[in-house]
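The structure under discussion appears below in the form of structure tokens.
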Amino acid sequence: MSSLPPLLIRVYDKYLLEWPRLLLIGLLIGIVFLAYQSKYFKLDASPQTLILETDQDLKYSQLIQTRYGGHEYLLITYTPTGDLFTDHELKRLSRLRDDLKNLENVASVASILDAPLLESPPLPVRELGTRIQTLESPDVDRVLARREFAESPLYRDLLISPDLKTTALQITFHPNKELRDLETRREQLRQKQIHGRLSAAEERELGDIGEMLQRLEDQIKQARHGDIAAIREIMERYQGKAELFLGGISMITDDLIGFIKNDLKIFGIGVLFFLIVALGVIFRSKRWVLLPILCCAGSAIAMMGLLGMFGWRVTVISSNFISLQLIITMAITIHLIVRYRYLALHNPEAGQRRLILDTVRQMMTPCWFAALTTIAGFGSLLFCDILPVKTFGWMMIAGILTSLALTFLVFPAWLILMEKKIAPDTRKSRFQLTNLLARLTEHHGKLILTIGGLMAVVSMIGIFRLSVENCFIDYFKDSTEIHQGMKIIDQKLGGTTPLDVIVDLEEPAGNDSPVFAGSTDEEFADFDEFEEEGENGKYWFTVEKMAMVSRVHDYLDGLPETGKVLSLATVLKIAKNLNNGSPLDNFELALLYNELPQKFRDIVLTPFVSVEHNQLRFSIRIRDSEKSLQRNLLLKKIRREMVDKVNLKPDQVHLTGLLVLYNNMLQSLFESQILTLGIVVLLLTGMFLLLFRSFPIALIALLPNLLAVGTVLGFMGWLSIPLDMMTITIAAISMGIAVDNTIHYIYRFKKVFEINRSYIETVHLCHGSIGRAMYYTSITIIIGFSILVLSNFLPSIYFGLLTGLAMFIALIASLTLLPQLLIQFRPFGPELGST
């Protein structure tokens, strides 16, 4: 510790200050190179950014998706101004559908226009393959069709709202066979890798597949971006006569990338503009505006280049990295400026070279440890299981090191080329706040300790009120299409968040073949085609199984949180209506399976039954906007009641889908919050012990920052602001950044106290010197974070405001509670003249 700064000072003196122009040219070349690398800078807003990296449910979800199929699709909600079933409105809907079908990448567009009408009028089961009509059939009974859409267990809440005023068009895209084949091969190799049977050639193949998948996914995202733009252009032509909204995972992903780009631009420009204004107001000098801006711009450009080089993708969680980069760089620069100006004012005879060397020498250690503590804050995110949070931690660690290195190179090299300029002392006229807090600490120390204790107790109660339940729709402002579209789909078209309930049927004890009572050999003559499906398909559908299917379906459909429920029971309900209200017997079930057209079978059968695996799938959509929704309790309730009420065994029931994966991520937030905060505290304690070599001082340094972070978490609990993937980072980040003030204050306090040996006098001197730098940097950080309110992503807004609040509390605590603790416990020894 003691030998490193002198060595660095000699390096600065002999090389950096001797050849400043050469150094700046070299840095400029490096930044230009990294600026070129920034063309590889990528964004990512895929659903994978919302799930746990190590979630075992993810593999099961992928298995189920592969088994039952599923294509990428978008939904358009269509609410006409008039009656939906009039000729005029149906013709307009038909034109919209045809326009969408003409897009190159669109495979099909499903709507009420081409939905098979089975009860308009009701058809015998034997005639399902020959006489199915649609709304576009010339002789269709429009009155019966209207009733069927209103009552159909298949179409209601899926293609049309219960009030028949809003309908949906499902746009399905052509599947990418190359992508599916690569994903299958990658999964095969990963399974071999897990069991340690991967050869060197297969190891290389796995790496190559990863790169190919990344390139292919980027191409697909780019194509989908064009598709979405084209779809919105088509929709715009129909606005006015109807209200249209676009929804779907692809659209949300694409819009989120737009949000990220917009946030990066607004945050970067907004923070930069604010910094220019703030620096001008604080220092009233062009050099002290230009120099910090150079450091900030250089570090931001360099970091974007590094992200491009290493392939780190920016997600919604890390979209504020540029503003954080600028804020952290500015904080380091302001500390250097304040120290330089202080030395220049109090040592007017010193030359420029000496002032720069003294500034670097005095600030190197506290800035280095301050950077390490901030790194500790972001580094704790590496222990989180949410991949984008972990990547965000790596990004900011690299960013902090980049900022520290560039600032300590650019600041002295640029400043040595400028003439010495002593700034007037304006402390008395412009910085009354720090002096006021010093007097408050001197005269009302016990009050400060009492208020701090009360805040800690109230905050602790609030922390126990924290929850992780939140509505994904509410992540977005009401004015965004994501919010508006999801709300309509959620409330009028059966819900938004998918949940699959998978039921494994028990193997039959004996021959489970159905008995076709009363059936003749002639009736079985129709089953030649059915025989080709195999023996399992022929005998699988039995009355007993269908009764169980109906029990599960009705139970799931009766839950208040569920919207649309689709399963084999859906077609059974339709078939019952076609059979004069009587359930189908074994023979009729087999006949239904045989006579069902392939197009309709792909809609109502294939997605819900796996005869090969003796398995059933119940597809559910959860109403995400339901205020009483508690995902974790709902999933536990379904698992429990499928056993208690439906009489299934626990190992027969499996829950999967996005709701399960998203809930797993949310439930991990509590554990991650405790883990990351605990790691930060341990790391900071170790650093304080290394820096100050005193456990009491380390504890004193931690307390003001723990109070700030605890107050914000308690504030969230009291106001019912839930933890999410953004707010989980507040505690660790705030702790890491806010503790910088503590380090600078205690480090300066120790130096000053060694001279005057008076705690009260040292408080006033420190508040008048380092306290000013703390004030500058904190206000800069607070207002910088407040710029995040311009985001369309509400978690980013909460992150900015709550982190700013934590920084404000940390500033006040560092200038009141921290000095009062130093006065109270006297960790630096007795005062001069004390016994």
Counted residues, the range 755-766 - those being at pLDDT below 90 and either among the β-branched types (Val, Ile, Thr) or part of a helix (DSSP H, G or I) (or both): 2
Condition met for Val681 (open to solvent by 30 Å² or more (accessible area, probe 1.4 Å), farther than 30 Å from Gly379 by Cα and aliphatic (A, V, I, L, M)): no
Residue match in the range 237-256 (condition: charged (D, E, K, R) and either closer than 26 Å to Leu788 by Cβ or under 22 Å from the mean Cα position of the chain (by Cα) (or both)): yes
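Take Leu589 and tell me if it is of a type in the set (A, V, I, L, M, F, W, C), modelled with pLDDT of 80 or more and in a helix (DSSP H, G or I). It would help to see each step written out before you state the result.
On the way: of a type in the set (A, V, I, L, M, F, W, C): yes; modelled with pLDDT of 80 or more: no; in a helix (DSSP H, G or I): yes.
The answer is no for Leu589.
Considering only residues that are small (Gly, Ala, Ser), under 17 Å from Ser734 (Cα atoms) and without any contact (Cβ under 8 Å) to a residue 24 or more places away in the chain, which ones fall in the range 379-416?
Within the range 379-416, the subset small (Gly, Ala, Ser) is 379-380, 393, 398-399, 403, 405, 413.
Of the ones still in play, those that are also under 17 Å from Ser734 (Cα atoms) are 379-380, 393, 399.
Gly393 - this is the single residue of the range 379-416 that is small (Gly, Ala, Ser), under 17 Å from Ser734 (Cα atoms) and without any contact (Cβ under 8 Å) to a residue 24 or more places away in the chain.
Answer yes or no as to whether Lys265 is part of a helix (DSSP H, G or I), under 24 Å from Gln37 (Cβ atoms), free of Cβ contacts under 8 Å to residues at least 24 places away in the same chain and open to solvent by 30 Å² or more (accessible area, probe 1.4 Å). Outline the logic, then answer.
On the way: part of a helix (DSSP H, G or I): yes; under 24 Å from Gln37 (Cβ atoms): yes; free of Cβ contacts under 8 Å to residues at least 24 places away in the same chain: yes; open to solvent by 30 Å² or more (accessible area, probe 1.4 Å): yes.
For Lys265, the condition - part of a helix (DSSP H, G or I), under 24 Å from Gln37 (Cβ atoms), free of Cβ contacts under 8 Å to residues at least 24 places away in the same chain and open to solvent by 30 Å² or more (accessible area, probe 1.4 Å) - is met.
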Pair list, Cβ < 7 Å and 6+ apart or interchain, from the range 178-201 residues that are surrounded by 15 or more Cβ atoms within 10 Å (Cβ to Cβ) to residues that are modelled with pLDDT under 80 and part of a helix (DSSP H, G or I): Leu198/Lys192
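Which residue out of Glu469, Glu419 is open to solvent by less than 50 Å² (accessible area, probe 1.4 Å), part of a loop (DSSP other than H, G, I, E, B), modelled with pLDDT under 90 and not β-branched (Val, Ile, Thr)?
On the way: Glu419 fails: open to solvent by less than 50 Å² (accessible area, probe 1.4 Å).
Exactly one of Glu469, Glu419 is open to solvent by less than 50 Å² (accessible area, probe 1.4 Å), part of a loop (DSSP other than H, G, I, E, B), modelled with pLDDT under 90 and not β-branched (Val, Ile, Thr), namely Glu469.
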Any hit, the range 238-250, residues being loosely packed, with under 14 Cβ neighbours inside 10 Å, in a helix (DSSP H, G or I) and not basic (Lys, Arg): no
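Just the residues that are assigned to a helix (DSSP H, G or I) and open to solvent by 30 Å² or more (accessible area, probe 1.4 Å), please, taken from the range 332-351. Show your work before the answer.
Within the range 332-351, the first condition is being assigned to a helix (DSSP H, G or I), and the residues that meet it are 332-346.
Across the range 332-351, the qualifying residues are Arg341, Tyr342, Leu345, His346.
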Phe785 surrounded by 24 or more Cβ atoms within 10 Å (Cβ to Cβ), assigned to a helix (DSSP H, G or I) and either among the aromatic types (Phe, Trp, Tyr) or under 37 Å from the mean Cα position of the chain (by Cα) (or both): yes
Conditions (1) at pLDDT below 85; (2) open to solvent by 20 Å² or more (accessible area, probe 1.4 Å); number of the one not met by Asn594: (2)
Cross-chain or 6+ apart pairs with Cβ under 7 Å, the range 85-105 first and under 26 Å from Ala150 (Cα atoms), then among the small types (Gly, Ala, Ser): Glu89/Gly82; Leu93/Ser111; Arg97/Ser111
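Looking for something under 30 Å from Gln362 (Cβ atoms) and either over 23 Å from the mean Cα position of the chain (by Cα) or not in a helix (DSSP H, G or I) (or both) - is there at least one such residue anywhere in the range 710-732?
To start, the set of residues in the range 710-732 that are under 30 Å from Gln362 (Cβ atoms) comprises 732.
Retained after the next criterion (residues that are either over 23 Å from the mean Cα position of the chain (by Cα) or not in a helix (DSSP H, G or I) (or both)): none.
The answer is no; no qualifying residue exists.
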Count - residues of the range 372-387 that are buried (at least 23 other Cβ atoms within 10 Å of the Cβ) and in contact with a Ser or Thr (Cβ under 9 Å, 6 or more places away or on another chain): 7
Filter result for the condition that a residue is more than 30 Å from Ile269 (Cα to Cα), in contact (Cβ under 8 Å) with a residue 40 or more places away in the chain, in contact with a helix residue (DSSP H, G or I) (Cβ under 8 Å, 6 or more places away or on another chain) and outside any loop (DSSP other than H, G, I, E, B), over Thr365, Thr329: Thr365
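Could you tell me which residue of the range 742-768 is nearest to Leu436 (Cα to Cα), considering only residues that are polar (S, T, N, Q) and open to solvent by 10 Å² or more (accessible area, probe 1.4 Å)?
Residues of the range 742-768 polar (S, T, N, Q): 742, 756, 758, 762.
Now restrict to residues that are open to solvent by 10 Å² or more (accessible area, probe 1.4 Å): 756, 758.
Numbers: Asn756: 22, Ser758: 19 Å.
Going through the qualifying residues, I end up with Ser758.
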Selected residue [open to solvent by 10 Å² or more (accessible area, probe 1.4 Å) and modelled with pLDDT of 90 or more] from Leu290, Leu272: Leu290
Selection count, the range 641-656, where residues are open to solvent by 10 Å² or more (accessible area, probe 1.4 Å) and either at positive phi or assigned to a helix (DSSP H, G or I) (or both): 7
Count of residues meeting criterion [surrounded by 17 or more Cβ atoms within 10 Å (Cβ to Cβ) and within 13 Å of Lys645 (Cα to Cα)] in the range 551-561: 4
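Is it the case that some residue within the range 368-383 is among the small types (Gly, Ala, Ser), over 37 Å from the mean Cα position of the chain (by Cα) and more than 30 Å from Asn664 (Cα to Cα)?
First, the residues of the range 368-383 that are among the small types (Gly, Ala, Ser): 370-371, 376-377, 379-380.
Pick out the ones that are also over 37 Å from the mean Cα position of the chain (by Cα) and you get none.
No; the residues of the range 368-383 include none that is among the small types (Gly, Ala, Ser), over 37 Å from the mean Cα position of the chain (by Cα) and more than 30 Å from Asn664 (Cα to Cα).
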Residues that are open to solvent by 20 Å² or more (accessible area, probe 1.4 Å) and not polar (S, T, N, Q), drawn from the range 352-371: Arg353, Arg354, Asp358, Arg361, Met364, Trp368
Which numbered condition Ala230 fails, given (1) farther than 24 Å from Leu790 by Cβ; (2) open to solvent by 20 Å² or more (accessible area, probe 1.4 Å); (3) touching a Ser or Thr at 6+ places or on another chain (Cβ under 8 Å): (3)
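The values are calculated or read from the model by the stated rules, or taken from the named source; none is laboratory data. These numbers come from a predicted model, not from an experiment. FYI the Cβ positions are ideal-geometry reconstructions off the backbone, even for glycines, and counts take in every protein chain you see. The protein model used for the area step is the full one, side chains on, heavy atoms only, and it has no ligands, DNA or RNA in it. Shrake-Rupley method; radii C 1.70, N 1.55, O 1.52, S 1.80 Å.
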